[in-house]
Amino acid sequence: MHRKRPKHLNLMEIKLPLPAVISILHRVSGVLLFFPGIPILLYSLQMVLDSPQSHDEFQILLTSLLVKSALILFLWFFMHHFCAGIRYLVLDLNYGIELEQARMSSKLVFVVGIVLTLWVGTAIW
Amino acid sequence: MVKRIVTGAHYGLLDWLAQRVTAVVMVIYILLLVVVLLIFPPNDYAAWKTIFGNQWTRITSFLFFVSLCWHAWIGIRNILMDYIHETGIRLTIQVLVILSLLFYTVWAIDIMWG
């Protein structure tokens, strides 16, 4: 059986469904959390714990608008990866695998990721 | 009958499982850490030192970090296998990823116990 199927590979015209957007964001956020995420995490922890001086330097660093913005962005990468990951764990357990439920849960992941980012983000700001 | 040729190194299932187990370990650690930080909000150096001076914090944090590295390795390797088909380039990047994760682990030990 060899059926001609429509090819539609123009990246500008392909419209990904939300579960696919969640999936590719999970990948992209995963890569960015690996690098530069892990070194940023370790550097921050080192600054906070090394000495009272480095702790204060880190506090001053956090007052910078650029650093704050970058931190919020990485917070979102983390929150999205966290929520999408939990969704995949649930899907692996065979819950919510119907199309409608899967669409619903991907919306939920997207919204909860942003809400958690804004919540923790405003606390940091 | 379709002849199925099984190829690969047969570590797929172990890695699939490891990625999920490490994810669960990290979720538990993060939720516990959030609870600790909410109960004892550290607003100065001494408070941070107290939290991370505790041996249990250090051990669980290190367990979290090992899970993180393992999880990252599986994820990054899968992505590299998907997008980089030139074996030499892929292996080089994979070696660099492994070396960086080993370096991060030593760094984490240094922060916790150094």
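Nothing in this text is a laboratory measurement; each read-out follows from the coordinates by a stated rule. Since we're looking at a predicted model, the values are computed, not measured. Positions of Cβ are generated from backbone atoms using ideal geometry, with glycine treated the same way; all protein chains shown enter the neighbour counts.
The figures follow:
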read-out	value
Test for A:Arg27: is it more than 23 Å from B:Trp73 (Cα to Cα) and either part of a helix (DSSP H, G or I) or more than 9 Å from every other protein chain (Cβ to nearest Cβ) (or both)	no
Test result for B:Thr105, among the polar types (S, T, N, Q) and within 21 Å of A:Leu32 (Cβ to Cβ)	yes
Residue within region B:30-47 that is of a type in the set (Phe, Trp, Tyr) and within 9 Å of chain A (Cβ to nearest Cβ) present	yes
Elements of type helices (runs of 4 or more DSSP H) in region A:52-125, at least 2 residues being closer than 21 Å to A:Ala20 by Cβ, away from chain B (no Cβ under 12 Å) and not hydrophobic (A, V, I, L, M, F, W, C)	A:99-124
Evaluation of A:Ser44 against (1) polar (S, T, N, Q); (2) more than 14 Å from chain B (Cβ to nearest Cβ); (3) touching a helix residue (DSSP H, G or I) at 6+ places or on another chain (Cβ under 9 Å); (4) free of Cβ contacts under 8 Å to residues at least 60 places away in the same chain (one fails), failing number	(2)
So B:Phe103, is it surrounded by fewer than 15 Cβ atoms within 10 Å (Cβ to Cβ), within 12 Å of chain A (Cβ to nearest Cβ), within 23 Å of B:Met26 (Cα to Cα) and not acidic (Asp, Glu)	yes
Verdict on B:Ile111 being farther than 22 Å from A:Ser29 by Cα, touching a helix residue (DSSP H, G or I) at 6+ places or on another chain (Cβ under 8 Å) and of a type in the set (Val, Ile, Thr)	yes
Neighbours by Cβ (under 9 Å, 6+ apart or cross-chain): first from region A:59-78, more than 17 Å from A:Met47 (Cβ to Cβ); second exposed (fewer than 13 other Cβ atoms within 10 Å of the Cβ)	A:Ile72/A:Ile124; A:Ile72/A:Trp125; A:Leu75/A:Ile124
Residue count, region B:1-23 (criterion: among the β-branched types (Val, Ile, Thr) and part of a loop (DSSP other than H, G, I, E, B))	4
